[in-house]
1. Of all residues being within 14 Å of chain A (Cβ to nearest Cβ) and away from ligand 2 (no atom under 16 Å from the Cβ) in the stretch B:43-60, which is farthest from the chain's Cα centre (by Cα)? Just the residue, please.
2. What pairs can you find where one residue is in the stretch B:23-43 and polar (S, T, N, Q), the other is outside any strand (DSSP E or B) and within 14 Å of ligand 2 (Cβ to nearest atom), and their Cβ atoms are less than 6 Å apart, with a gap of 6+ or different chains?
3. Please specify each residue of the stretch B:44-61 satisfying the condition of being crowded, with 17+ Cβ neighbours inside 10 Å and either touching a residue at least 60 places away in the same chain (Cβ under 8 Å) or more than 17 Å from B:Leu159 (Cβ to Cβ) (or both).
4. Test of understanding: among B:Arg73, B:Arg68, which residue is more than 17 Å from the chain's Cα centre (by Cα) and in a helix (DSSP H, G or I)?
5. Take the residues in the stretch B:1-42 that are surrounded by fewer than 21 Cβ atoms within 10 Å (Cβ to Cβ) and within 14 Å of another protein chain (Cβ to nearest Cβ); name whichever of them is nearest to the chain's Cα centre (by Cα).
6. Run down A:Val162, A:Val91, A:Val115 and say which single residue is at pLDDT 75 or above and either over 17 Å from A:Arg76 (Cα atoms) or of a type outside the set (Asp, Glu) (or both).
7. Looking at the stretch B:149-167 only, could you name the residues that are surrounded by 20 or more Cβ atoms within 10 Å (Cβ to Cβ), more than 15 Å from ligand 1 (Cβ to nearest atom) and not in a strand (DSSP E or B)?
Amino acid sequence: MNYLLRHLQVFFYTLGQLVRTPFASLMTISVIGITLALPATLYLLVDNIQRVTAGWDGEAQISLFLKKNVAASGARFLQQRLQRMPEVKHVEWIPPEKGLAELRKVSGFSGALKVLDENPLPGVLVVVPKKSYATPDGLKPLLQRLGKFSEVDLAKIDLEWVQRLQAMLQIVRRGVLVLAGLLALAVVLIIGNTIRLAILNRRDEIEITKLIGATNAFVRRPFLYSGFLQGLLGAVMAWLLVTGILVLLDGPIQELTSLYGSRFRVQGLNLATSGLLLLGGGVLGWLGSRLSVGRHLRNIEPQ
Amino acid sequence: MIQFDTVFKRYPGGYDALKNISFHVADEEMVFLTGHSGAGKSTLLKLLTLIERPTRGQLIVNNKNLIRLPGWRVPYLRREIGVVFQDHRLLNDRTVFDNVALPLVVTGLHRRDIGRRVRAALDKVGLLSKENLMPIVLSGGEQQRVGIARAVVNKPNLLLADEPTGNLDEALSDEIIDLFHEFNQHGVTVLVATHDLRHIQRLRKRVLQLQNGELIFDSGVRS
Ligand SMILES: Nc1ncnc2c1ncn2[C@@H]1O[C@H](COP(=O)(O)OP(=O)(O)OP(=O)(O)O)[C@@H](O)[C@H]1O
Ligand SMILES: [Mg+2]
């Protein structure tokens, strides 16, 4: 109990010391905040993109752009033939007029389309393969077979780019992880250096307290708390920065996604990731001061 | 209380600051340690709190064999010994009260006991009214008394002082030495390093004299 009380005392004493030098403290905390905010923001970015695209993953489909000279009846006939193929689950026919109408709905294009006297769009057959064929390996031969029909101008897997994006995101994710590791090291070094300066500044005080019987643990404690607190407050700063960035981006992203007819909300830091950020900041701060204290406090002995 | 037995101290540079020192100080004794500048007085006091380690010989303080005392036990040794320095060594960014409280804070004493004991110590050195001041605004004599209050707040049974009157005029010096004398009469063993022979004449206590690191004179107990 007494032990706990003593730790609490040191905690508040250290907090008081940080408050007493507000400018220096704010500088350190801001640097740590920005350092931690960078990987946190990138993480959220990747996470959100992955969340958005995760739903599209299985819905691979093949679009067959028909030649201009294929009439609607020819297209209908081809649709029925394709429908009977064992790989195919479903085929949809999008006549040129319907394609045009859909394009018109997207604001900004209607003006441009008015200029054209002829519909430039081809008819399209959208082929949705059965689930068992909707793999990269299964899709390739199907794509080739479909492309060989004489009516077909071009066969294209629609969601190829989603898969590419997914693969890219995996790489980016790993990059973010490496970056986060490097920046965590930076935080350790920043705090280590701050604590080193604090130790040198209070050299006399340390000598005197050792002279009158302070243990190393006693001398160490305020510095460890100081490192922990600065890391923690830096993490709080990072949290505020990330949340601020998201608030700023939320409006534009809402607008953008509503254009594509989806109601997508950017997901910020949740309870778990916030907790991880704060804990990470505190632990890194503690680690930084621990390393610094281990190196520099040993050398200070009363003369 | 203190037992030196053929103690040598050689500094890293190779200088022999203490050579073959042997003497014994009994409980509740008061001893002046004297000698020319560079004779080794400060070095001898530093051995007692293990600020410096003896190079050779036996050294026993308060029934502890300092030769074998491991590093982690040193803080606990220092808590049993009150030390007063010539340059006070006060923390200038803390109040008089906080300075005197430091040895108690270090031992983890409870807050309400700290207040009581700090005021008792300040009362003994006559500075009770200045507890909220910063040390810098005090006179040299007052700062030295703060140092003494800090040294005795733990109620140590051994008090060491290295030139405690170095910068003070005669009247103030006498006051400080009288203060040590008073603690001695309450049963505290006192060892004062000084080259001010006046006190030695005045109080007629035991004198140890060092010269070039050797103990050349021991008056023995005189009163
Ligand atoms: N850390 C050290 N390294 C090397 N030599 C030292 C060290 N400390 C003291 N000495 C030498 O040891 C000798 C004794 O020094 P000490 O400080 O014990 O003398 P003193 O009797 O206290 O002198 P003064 O009256 O001037 O304070 C001196 O010659 C000094 O130069
Ligand atoms: Mg000296």
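1. Within the stretch B:43-60, the subset within 14 Å of chain A (Cβ to nearest Cβ) is B:43, B:45-53.
Applying the additional criterion that residues be away from ligand 2 (no atom under 16 Å from the Cβ) yields B:50, B:53.
Working: B:Leu50: 13, B:Arg53: 17 Å.
Among those residues, the one meeting the criterion is B:Arg53.
2. These pairs meet every condition: B:Thr34/B:His195.
3. Of everything in the stretch B:44-61, those that are crowded, with 17+ Cβ neighbours inside 10 Å and either touching a residue at least 60 places away in the same chain (Cβ under 8 Å) or more than 17 Å from B:Leu159 (Cβ to Cβ) (or both) turn out to be B:Leu44, B:Leu45, B:Leu48, B:Thr49, B:Glu52, B:Pro54, B:Gly57, B:Leu59, B:Val61.
4. After ruling out the rest, the residue left standing is B:Arg73.
5. Looking at the filtered set, the residue picked out is B:Ser42.
6. Step by step, each of A:Val162, A:Val91, A:Val115 is checked, and only A:Val91 is at pLDDT 75 or above and either over 17 Å from A:Arg76 (Cα atoms) or of a type outside the set (Asp, Glu) (or both).
7. B:Ala149, B:Arg150, B:Ala151, B:Val152, B:Val153, B:Asn154, B:Pro156 - these are the residues of the stretch B:149-167 that are surrounded by 20 or more Cβ atoms within 10 Å (Cβ to Cβ), more than 15 Å from ligand 1 (Cβ to nearest atom) and not in a strand (DSSP E or B).
Okay, residues lined up against (1) away from every other protein chain (no Cβ under 14 Å); (2) under 21 Å from the mean Cα position of the chain (by Cα); (3) under 19 Å from A:Val219 (Cβ atoms):
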| site | (1), (2), (3) |
| --- | --- |
| B:Ala101 | no, yes, yes |
| B:Gly108 | no, no, yes |
| B:Arg112 | no, no, no |
| B:Val118 | no, yes, no |
| B:Ser129 | yes, no, no |
| B:Asn132 | yes, no, no |
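The values are calculated or read from the model by the stated rules, or taken from the named source; none is laboratory data. For clarity, every value in this text was computed on a predicted model and none was experimentally measured. Note that each Cβ is placed from the backbone with ideal geometry, even for glycine, and that neighbours are counted across all protein chains shown.
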